[in-house]
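Colleague: The following block contains the structure, expressed as structure tokens.
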Amino acid sequence: MSSVRRMSTQRLLALAGGLAALVAVAAVLATSALSSGGAVPPAKPLATAVHDALAAPAVPGLSARITFTNKLVDSSSLPTGSPLLKGATGRLWASGDGRARLELQSDNGDAQIVLGTDKVTVYDQQSNTVYEAKLPARDTAKADKHQVPTLADIQQRLTDAMGQLQFSGAQPSNVHGISAYTVRVAPRHDGGLVGAAEVAWDAATGVPLRAAVYQQGSSKPVLELAITNLTYGTVSAQDLTATPPAGAKVTTIDLTGQAAGQGATSGAGGKDVTGLKAVSAAVPFTLSAPDTLVGLPRQDVRLVSTGDGEHGALVTYGKGLGGIAVLQTVAGKDKAASGKAGDTFAGLPQISINGTTGQELATALGTVVRFDRAGVQYIVAGSVPPAAAEAAARGL
């Protein structure tokens, strides 16, 4: 985490764009549907359409043209024209074993996202930066035993989810000449700035054709990955790999849970340290965790590791996407105090938090506010407008 905290604003935004693209890729690879016809499929109940897509014969691989849209941040305020941040067109290759490569192309340079068996690599040509995220090991034994859930199981899961989500049903559609089903999912309760998400998949093969996320009240997607044409068949190893230049900057993020200091959040018996009293006693600073924040009740207090041997605290308020999270850590350990060289938030708009200068990253789907006070760094994040995030920061 300390390496992430030392990123420049441009590199942080590029990584965010890459992760946004990766989320879209994962959605497109993890659902189901894609064919070559032009007809609209017959109407089906959602559970049946999902079951049929999951039960479709596996494809050996695919290649396709794609369009990636990213409207998270106003383009006029972006410090870079990277395709990870402003969107682009490109190509997608995927193999039957879950590996994939996404290549984005634009006038401002290219970007590569490679999903392997043990890591995800994002390369941004404009900043000449490589981000490598190590992934947890796959449980091959469980994967081999994986079976398509029954129609009854899928219906039950949908029914359980309906307490929190609204489903449009499987809408017969046609995506770029391909017979498909489209489903729209929206939060039933407070979804913050997130309005809905849509996924379309081929009615014949179960390969997804499109994934999109919408801001509340908007008819245009904030994030979208769409396949415009597709070819099935075995994909070569060369198409699934990309080699960045030797001089590229490399930032590594460990998601395996095995990084140094990762186990420091466990107490006796290996249990996570949670609760206001226990976490307050474990962190080397005075924890700020009021009972409510901007009208939201405190939900959870949890000890976290910053990855550099230090302890921090994560406090959450409210429920669902409309909630707010507050990360508190020791300030200045990475020499990245507000406004100094190497500061992750340097260059972002400055705001005043009770007399302390802070920085704010506002996007279409949420806001992040960072400020330091009395030796403690606070990061306030939520799918809320800037005014709500700022009010929460001032309430700490």
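Colleague: Just name the residue that is farthest from residue 321 (Cα to Cα) out of those in region 187-206 that are under 17 Å from the mean Cα position of the chain (by Cα) and among the small types (Gly, Ala, Ser).
Modeller: Checking each candidate, the answer is 197.
Colleague: Of the conditions (1) under 23 Å from the mean Cα position of the chain (by Cα); (2) outside any strand (DSSP E or B); (3) surrounded by 15 or more Cβ atoms within 10 Å (Cβ to Cβ), residue 149 clears all except one; give me its number.
Modeller: (1)
Colleague: Output yes when any residue across region 257-264 is modelled with pLDDT under 95, at positive phi and not in a loop (DSSP other than H, G, I, E, B), and no when none is.
Modeller: no
Colleague: Within region 108-126, count every residue that is surrounded by fewer than 22 Cβ atoms within 10 Å (Cβ to Cβ) and among the hydroxyl-bearing types (Ser, Thr, Tyr).
Modeller: Total meeting the criteria: 2.
Colleague: So, one more: Could you say whether any residue in region 115-132 is without any contact (Cβ under 8 Å) to a residue 24 or more places away in the chain and aliphatic (A, V, I, L, M)?
Modeller: no
Colleague: Residues that are assigned to a helix (DSSP H, G or I), assigned by TED's automatic domain parsing to the domain that holds residue 125 and modelled with pLDDT of 90 or more: does region 27-46 have at least one?
Modeller: Checked against the condition, which is being assigned to a helix (DSSP H, G or I), assigned by TED's automatic domain parsing to the domain that holds residue 125 and modelled with pLDDT of 90 or more, region 27-46 yields at least one hit.
Colleague: Given the criteria of a type in the set (Asp, Glu) and either at pLDDT below 50 or part of a helix (DSSP H, G or I) (or both), does residue 52 qualify?
Modeller: Yes, satisfied.
Colleague: Let me ask something else about it. Do we find that residue 91 is assigned by TED's automatic domain parsing to the domain that holds residue 156, surrounded by fewer than 23 Cβ atoms within 10 Å (Cβ to Cβ) and either at pLDDT 90 or above or among the hydroxyl-bearing types (Ser, Thr, Tyr) (or both) in this structure?
Modeller: Considered against the rule, which asks whether it is assigned by TED's automatic domain parsing to the domain that holds residue 156, surrounded by fewer than 23 Cβ atoms within 10 Å (Cβ to Cβ) and either at pLDDT 90 or above or among the hydroxyl-bearing types (Ser, Thr, Tyr) (or both), residue 91 comes out as yes.
Colleague: Now for a separate question. Only one of these conditions is not met by residue 159: (1) touching a Lys or Arg at 6+ places or on another chain (Cβ under 9 Å); (2) at pLDDT 80 or above; (3) not aliphatic (A, V, I, L, M). Which number is it?
Modeller: Of the numbered conditions (1) touching a Lys or Arg at 6+ places or on another chain (Cβ under 9 Å); (2) at pLDDT 80 or above; (3) not aliphatic (A, V, I, L, M), the odd one out for residue 159 is (1).
Colleague: From the list 195, 177, 247, pick out the single residue that is in the same structural domain as residue 91 (by TED's automatic domain parsing), in contact (Cβ under 8 Å) with a residue 40 or more places away in the chain and either surrounded by fewer than 13 Cβ atoms within 10 Å (Cβ to Cβ) or more than 30 Å from residue 96 (Cα to Cα) (or both). Before the answer, list the steps.
Modeller: Values: 195 fails: in contact (Cβ under 8 Å) with a residue 40 or more places away in the chain; 177 fails: either surrounded by fewer than 13 Cβ atoms within 10 Å (Cβ to Cβ) or more than 30 Å from residue 96 (Cα to Cα) (or both).
Within the list 195, 177, 247, the selection yields 247.
Colleague: Moving to a separate point now. Against the conditions (1) without any contact (Cβ under 8 Å) to a residue 40 or more places away in the chain; (2) surrounded by fewer than 21 Cβ atoms within 10 Å (Cβ to Cβ); (3) within 30 Å of residue 320 (Cβ to Cβ), where does residue 183 fall short? Just the number, please.
Modeller: Condition not satisfied by residue 183: (1).
The values are calculated or read from the model by the stated rules, or taken from the named source; none is laboratory data. Treat the numbers as computed from the prediction; the structure is a model and nothing was measured. Please note: Cβ atoms are built from the backbone with ideal geometry, for glycine as well, and neighbour counts cover all protein chains shown.
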